[in-house]
Amino acid sequence: MELTSRVGRVLDRLGTTADEVAEALRASGVRGVRNTVRFLNPVVRYVQTQGVDVESLDVILGDTLTMLLNGGRKERVALPQAVRDFLENFNRRRYPDLELPPERAG
């Protein structure tokens, strides 16, 4: 439960609007690939930079970050509305400067 709370705080600190989330990712140097849900997703990549010790992360459910913990147990954290709005806008090319170039995405 402690990990879930910590990751929730990490996500909350990204901002209260989609634009604030985008700015936080820019400031952190995190970019990603549109319409991805795992390691190329910018929010997943950001959480990975925060020292979260898990086997994998994904946003497959769209409104939740799923963490596969070492040992196979899953925990989920609700994505704040600002993060969900950011992802929707990012997938619609609203933040092209946050997209990884194709040669770095493969």
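The values are calculated or read from the model by the stated rules, or taken from the named source; none is laboratory data. Because the structure is predicted, anything quoted here is derived from the model rather than measured. Neighbour counts run over all protein chains shown; Cβ positions are idealised from the backbone, glycine included.
Values computed for the structure shown
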read-out: Test for V37: is it at pLDDT below 95, surrounded by fewer than 20 Cβ atoms within 10 Å (Cβ to Cβ) and either among the β-branched types (V, I, T) or part of a helix (DSSP H, G or I) (or both); value: no
read-out: Residue among L11, L3 that alone is in a helix (DSSP H, G or I) and modelled with pLDDT under 95; value: L3
read-out: Extreme residue, surrounded by the most Cβ atoms within 10 Å (Cβ to Cβ), among residues of region 1-29 that are of a type outside the set (S, T, N, Q) and more than 17 Å from L65 (Cα to Cα); value: A22
read-out: Qualifying residue in region 41-52 (condition: without any contact (Cβ under 8 Å) to a residue 12 or more places away in the chain and part of a loop (DSSP other than H, G, I, E, B)); value: yes
read-out: Any hit, region 1-15, residues being more than 15 Å from V77 (Cβ to Cβ) and among the aliphatic types (A, V, I, L, M); value: no
read-out: Residue within region 48-58 that is buried (at least 21 other Cβ atoms within 10 Å of the Cβ), within 21 Å of P96 (Cα to Cα) and aliphatic (A, V, I, L, M) present; value: no
read-out: Qualifying residues in region 19-34 (those that are touching a Leu at 6+ places or on another chain (Cβ under 8 Å) and not in a helix (DSSP H, G or I)) - the one farthest from E2 (Cα to Cα); value: V33
